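One structure is given here, and the rest of the page talks about it.
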Amino acid sequence: VVIFLLSGLGLKTEELAAALHAWPAAAYGVVAILFLTPLLALVPNHFTFLPPEFRLGFLLFCTLPTTINSGVALVNAAGGNVALALLLTVASNSLGVLTVPLYLSLLLQVSDVEINAGPLLLKLSLMIMLPLAIGKVARERSPCALALYKAHKQPLGHVSSALLCLIPWMKLSQSSAALRSLDAGQVVALLAVGFLIHLVFLAFNYGVTHYVLGMELSLKKAVVFMGSQKTLPMAMTVLSLLPS
């Protein structure tokens, strides 16, 4: 909740408005993030050399929206269109609260795990959209909150990063017995499949933006970066809500 509250406080309306001028790139980015890259979720279930938990993890990974913080930072460092990256972040994560439960309710049935999309949607809305909205409203309506955020932007960024590190640490700790039971081959296979999926995302998005849509370079950088990675906070939130 705190991570998304801080994300809302840092969300600039003027940057999002500027990105709307590049609406064709934004439209493709949202489609790629929420509707094209999730198609790869159909593949990991056939990787029988991976433990079932890993296959379900990759399935979840593919269905998620783009990253919330690191993606924009990467686009900025690469000289890409930061406003477009922000727009893709907000749009995909807002819509992702709706699409992820739907995808999981359908795909997990294929994996013999049933999930009810309704309660998951409600919990994601309360844990992600509500704090994000509160942070954004506080930024726009409370000069005191905005001044406080600007004055302590770097420390608050460190707080968000630290909390983001704590979530997977807790999940890994809960699974420590299962992790210790893995052999080296399974770990290598996990890393190889993760690298391969990321490479497919990068290659596909670059091919479409460069050869099909012919995007201008800064827009292309934003779409390729944002469309080829997935969000950790929502992944951890969903995992915490799934059956054990």
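The values are calculated or read from the model by the stated rules, or taken from the named source; none is laboratory data. If you're wondering where the values come from, they're calculated on a predicted model, not measured in any experiment. All Cβ positions, glycine included, derive from the backbone under ideal geometry; neighbour counts span all protein chains shown. The area values use the complete protein model at the heavy-atom level, side chains included, leaving out ligands, DNA and RNA. Shrake-Rupley method; radii C 1.70, N 1.55, O 1.52, S 1.80 Å.
So, in segment 173-185, how many residues would count as being open to solvent by 80 Å² or more (accessible area, probe 1.4 Å) and not small (Gly, Ala, Ser)? So the answer is 3. For beta carbons closer than 9 Å, sequence separation of 6+ or different chains, a first residue in segment 6-18 that is more than 20 Å from Ala162 (Cα to Cα) and a second that is modelled with pLDDT of 75 or more and of a type in the set (Lys, Arg), the qualifying pairs are Lys12/Arg139; Thr13/Lys136; Thr13/Arg139.
Can you find a residue that is crowded, with 20+ Cβ neighbours inside 10 Å, over 17 Å from the mean Cα position of the chain (by Cα) and either aliphatic (A, V, I, L, M) or not in a loop (DSSP other than H, G, I, E, B) (or both) anywhere in segment 34-45? For segment 34-45, residues crowded, with 20+ Cβ neighbours inside 10 Å, over 17 Å from the mean Cα position of the chain (by Cα) and either aliphatic (A, V, I, L, M) or not in a loop (DSSP other than H, G, I, E, B) (or both): present.
Just one of the numbered conditions (1) in contact (Cβ under 8 Å) with a residue 24 or more places away in the chain; (2) under 18 Å from Ala77 (Cβ atoms); (3) not charged (D, E, K, R) is not true of Val193: (2).
In the condition set (1) modelled with pLDDT of 90 or more; (2) assigned to a helix (DSSP H, G or I), Met215 is compliant with all but (2). From the list Met170, Met236, the one residue that fits, being exposed (fewer than 13 other Cβ atoms within 10 Å of the Cβ), at pLDDT below 90 and either in contact with a helix residue (DSSP H, G or I) (Cβ under 9 Å, 6 or more places away or on another chain) or not aromatic (Phe, Trp, Tyr) (or both), is Met170. Candidates are the residues of segment 87-96 that are among the aliphatic types (A, V, I, L, M) and surrounded by 23 or more Cβ atoms within 10 Å (Cβ to Cβ); the one that is modelled with the lowest pLDDT is Leu87.
Would you confirm whether or not segment 69-78 contains a residue that is more than 11 Å from the chain's Cα centre (by Cα) and more than 25 Å from Ile128 (Cα to Cα)? Checked segment 69-78: at least one residue is more than 11 Å from the chain's Cα centre (by Cα) and more than 25 Å from Ile128 (Cα to Cα).
Here's the yes/no breakdown for (1) open to solvent by 50 Å² or more (accessible area, probe 1.4 Å); (2) of a type in the set (Val, Ile, Thr):
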| position | (1), (2) |
| --- | --- |
| Val187 | yes, yes |
| Ile197 | no, yes |
| Lys221 | yes, no |
| Pro243 | yes, no |
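Consider segment 165-184 and keep the residues that are part of a helix (DSSP H, G or I) and touching a residue at least 60 places away in the same chain (Cβ under 8 Å). The one that is farthest from Leu36 (Cα to Cα) is Ala178. Filtering segment 11-26 to residues that are modelled with pLDDT of 80 or more and over 17 Å from the mean Cα position of the chain (by Cα) leaves His21, Ala22, Trp23, Pro24, Ala25. Just one of (1) modelled with pLDDT of 85 or more; (2) touching a Pro at 6+ places or on another chain (Cβ under 9 Å) fails for Ile115. It is (1). When you check Ala162 against the structure, is it open to solvent by less than 70 Å² (accessible area, probe 1.4 Å), part of a helix (DSSP H, G or I), over 26 Å from Asn81 (Cβ atoms) and not acidic (Asp, Glu), yes or no? Criteria met by Ala162. Cβ separations smaller than 7 Å between residues 6+ apart or across chains give the following pairs from segment 129-157 residues that are open to solvent by less than 40 Å² (accessible area, probe 1.4 Å) to residues that are among the polar types (S, T, N, Q): Leu132/Ser7; Gly135/Ser7.
Condition (residue is assigned to a helix (DSSP H, G or I), within 23 Å of His210 (Cβ to Cβ), hydrophobic (A, V, I, L, M, F, W, C) and at pLDDT 85 or above) applied to segment 50-64: is it met by at least one residue? Checking segment 50-64: at least one residue is assigned to a helix (DSSP H, G or I), within 23 Å of His210 (Cβ to Cβ), hydrophobic (A, V, I, L, M, F, W, C) and at pLDDT 85 or above.
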